[in-house]
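Laboratory data are not the source of any read-out in this text; all were calculated from the coordinates shown. Because the structure is predicted, anything quoted here is derived from the model rather than measured. Every residue, glycine as well, gets a Cβ built from its backbone with ideal geometry; the counts of neighbours run over all protein chains shown.
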Number of protein chains: 2
Amino acid sequence: MTATRLDVLAIGNAIVDIIADCDDAFLEAEGLTKGMMRLINADEAVRLYDHMGPAREISGGSAGNTAAGVAALGGRAGFIGQVAPDQLGEFYRHDLTATGVEFITPAQDFGVATGRVMVLVTPDAHRTMNTFLGAAQLLPPEALDPAQIEGAAILYLEGYLWDPEIPRNAMVKAIEIARGAGRQIAFTLSDSFCIDRHRDGFNALIDGGKVDILFANEVEIGALAGMADFDAAVAAVQDKVETLVVTRSEQGAIAVSRGERAQVAAEPVARIVDTTGAGDLFAAGFLAGRTQNRSLEDSLRMGAIAAAEVISHYGARPEADLKALVARKLG
Amino acid sequence: MTATRLDVLAIGNAIVDIIADCDDAFLEAEGLTKGMMRLINADEAVRLYDHMGPAREISGGSAGNTAAGVAALGGRAGFIGQVAPDQLGEFYRHDLTATGVEFITPAQDFGVATGRVMVLVTPDAHRTMNTFLGAAQLLPPEALDPAQIEGAAILYLEGYLWDPEIPRNAMVKAIEIARGAGRQIAFTLSDSFCIDRHRDGFNALIDGGKVDILFANEVEIGALAGMADFDAAVAAVQDKVETLVVTRSEQGAIAVSRGERAQVAAEPVARIVDTTGAGDLFAAGFLAGRTQNRSLEDSLRMGAIAAAEVISHYGARPEADLKALVARKLG
């Protein structure tokens, strides 16, 4: 195997978060289920935006957040995703690049704008996401750079990218290229509703041995396994992948890897402001730890530290110096 | 005089803030003076943005912030300013409208994008602003709606709008319309460097009796009067306007109105994050207080409360429920 140029190359929906506060009554009036991500079309995007309060725009997207987190932790990170040649697309590229992430997928004018998600944050810090995919849903397989994929130790994929057909094809092609180069594949289940939409596809990937490192939260692992009991769901999935990582919010996280098991508590947070990106940054911390040859437990701790930072402020990208934070807490 | 439709109608540069953290070394390397606002062209905007860290975008603009603050305090507020028909312009309109501000100036395609200011926030919470005016500098006098101006109790103007020639003409026309309808004119000096650029113009406005309520901070009142001593500068200016309001950062603020003098301490803030918008929100609180017929001292306190809220987070628009905050603190 040749040397790697990148530690983690993430592929996902390039999405800018449009974040506004709201109360529970607003969610109810809009018919929204707290904590879920739903896909919306252009008309619904306009309608909902008209109703929403004043907002802040911060680059997001699940895999993009993870790439930013890996870079902020000192890892060599890349991102593949589709933006349009517009202001949102420019912000997106700037924010990733400024964090130190390699992002070479060219913007393309397909007649649709860069994707955005209207993130509604309730006073309990939970986020409800309304995603207009825009250009992100048009990432063509041709946009992939095989040499970039072959040079990355880990190819990281978000389940959300399974929703639109064109990027799904790009993902499948990326997996083949990575596998051909002997690289590892990491995959996040993203969202329980996303699993409902694509359970067969996800299981085919996992059962087909295409996933080395699988990320899920408590609800998602249950949805994938079709079991309500946490331990039973973990037991049902853990042998299908080399490494399984499951986050449990305030109960911390567990990992099972080649028969080894580790767990960590959640990091304390002074005030939880916005839980968007918690899972993305947990994945970033864990992957950064593994590519730095840290132990399974220390890698989990890096995940917990990165997740704790991101939920302490609005937006799903790190604001603090994560590398210094980990050095202080973990050495 | 006919009844009013609006309490405060603000006219200013329609600008989206692009806010990033940086350290003092970055300011030095870029040749920037901490705390100042400078105007930059498109090339410099691109160059600086390339160097800046990941950012968040939040609608701003001095007078726009004041209008948003008045609305958040329960006042009837309007805004006049020029945006382009682009994504930033849509965000700008949305954020003002969602706060309850009337914003009817149509977007216009002059071939330039909506204005933006790159706000660099150092760890001491001070902000250094790099403004690309874009469409804002092209607000034509024809965009004014005379009936809107005639229906507003107070026309509020930002000194920054004196920089570009076309909106300066619009301001002068707006002042004439407001004066013709017997309305009050409020004016903020904006920035000491802005005063250096336009001292003669500002003094002509003030000496010509065109300003009823003048807002300044400690540095600005000194720059306008050409006196380093605070009390001397206030004494030199106070009789030229009906009401003079001067903010003094952590030393609170004073007001002099028709011979009456009041002062307040600064409101305590748990943690100052970003001082952008402090003066804008102070003006909002004071104007909301006056249009609610509050005393000079209570109006200053409303200013202090609104300013304290806005410096406790990133961005120059209120995030907390200002109306409830004032009701709790002031009754």
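A few remarks follow.
- Take B:ARG38, move 7 Å from Cα toward the beta carbon, and the resulting point lies 4.9 nm from the same point in each other copy, nearest first.
- Our coupling estimate for the stretch B:316-330, obtained by passing each phi through the Karplus curve with A = 6.51, B = -1.76, C = 1.60 and θ = phi - 60°, is 10, 10, x, 10, 7, 7, 4, 4, 5, 4, 5, 4, 5, 8, 10 Hz, Gly and Pro reported as x.
- Considering only alpha-carbon pairs that sit under 8 angstrom and 6 or more positions apart, the relative contact order computed for the stretch A:111-230 is 20 percent.
- For A:GLU102, residues with placed amide H under 5 Å, excluding near neighbours: A:ALA77, A:GLY78, A:PHE79
- Subtracting the Cα-Cα distance of A:GLU165 and A:ASP207 from 0.36 nm times their residue separation leaves 13.0 nm of extension gain.
- Computed from backbone phi with θ = phi - 60° and the Karplus coefficients 6.51, -1.76 and 1.60, the 3J(HN,Hα) list for the stretch A:293-304 is 6, 7, 5, 4, 5, 5, 5, 4, 5, 4, x, 5 Hz; x is used for glycine and proline.
- Overall form of chain A per C-alpha gyration tensor (a/c, 1.5; a/b vs b/c): rounded
- Plainly put, the tip 7 Å out from Cα toward Cβ on B:GLU260 is 7.4 nm from that tip on each other copy, the closest given first.
- As a calculated quantity, the FRET efficiency between B:GLU142 and B:THR97 at R0 = 22 Å, using C-beta atoms, amounts to about 0.50.
- Straight-distance crosslink candidates among aspartates and glutamates, where the alpha carbon sits under 15 Å from A:LYS173 and sequence neighbours closer than 8 are dropped: A:GLU142, A:ASP145, A:GLU150, A:GLU158, A:GLU165
- Inter-chain shielding of B:82-94 (mean C-beta neighbours from other protein chains, 10 Å cut-off): 3
- Two-site FRET efficiency, B:ASP239 against B:ASP196, from Cβ-Cβ distance with R₀ of 25 Å, rounded to 0.05: 0.60
- Dividing the summed helix terms, -39500 (n - 2.57) for each DSSP H run of n ≥ 4, by the number of residues in the protein assembly as shown produces a 222 nm estimate of -12000 deg cm²/dmol to the nearest 500.
- Binning the C-alpha pair distances of the stretch B:77-232 at 10 Å intervals from 0 yields a P(r) profile of 10, 34, 37, 17, 2 %, listed from the shortest bin outward.
- Looking at the protein assembly as shown alone, DSSP beta bridges between its own residues are antiparallel in about 40 percent of cases.
- For A:GLY252, the amide hydrogen comes within under 5 Å of the amide hydrogens of A:ALA266, counting only partners 5 or more places away or on other chains and with H modelled in the peptide plane.
- Given R0 = 41 Å, the distance between the Cβ atoms of B:GLU260 and B:ASP24 translates into a calculated FRET efficiency of 0.45.
- Calculated diffusion of the stretch A:234-331, Stokes-Einstein form, Kirkwood radius summed over Cα pairs, 25 °C and 0.890 mPa s, µm²/s: 183 µm²/s
- Peptide A:98-105 - average C-beta neighbours from other chains (10 Å radius): 2
- Shape call, the stretch A:72-148: gyration tensor on alpha carbons, a/c limit 1.5: oblate
- For A:LYS240, a cut-off of 20 angstrom between C-alpha atoms picks up these lysines, skipping any fewer than 8 places away in its own chain: A:LYS210.
- Peptide B:45-57 shows a mean partner chain C-beta count of 5 within 10 Å per residue C-beta.
- With coordinates expressed along the principal axes, the C-alpha atoms belonging to the protein assembly as shown extend over 82, 50, 45 Å, beginning with the largest.
- Taking 30 Å as the straight-line reach from the Cα of A:LYS323, the lysines in range (excluding those fewer than 8 positions away in the same chain) are B:LYS34.
- In nanometres and ascending order, the distances from the B:LYS240 label point to those of the other copies are 7.6 (point 7 Å from Cα along Cα→Cβ).
- Phi to ³J(HN,Hα) by Karplus 6.51 cos²θ - 1.76 cosθ + 1.60 over the stretch B:50-62, Hz, x for Gly, Pro: 4, 8, 6, x, x, 10, 10, 9, 9, 4, x, x, 4
- At 1.567 mPa s and 4 °C, Stokes D of the stretch A:1-88 from Kirkwood alpha-carbon radius, µm² per second: 83 µm²/s
- Restricting the stretch A:198-261 to trypsin sites (Lys or Arg not before Pro) in coil, as DSSP defines it, with at most 13 other Cβ within 10 Å: A:ARG258
- Label-point gap, in nm, between B:ALA107 and B:GLN292 - each point 7 angstrom along Cα→Cβ: 3.4 nm
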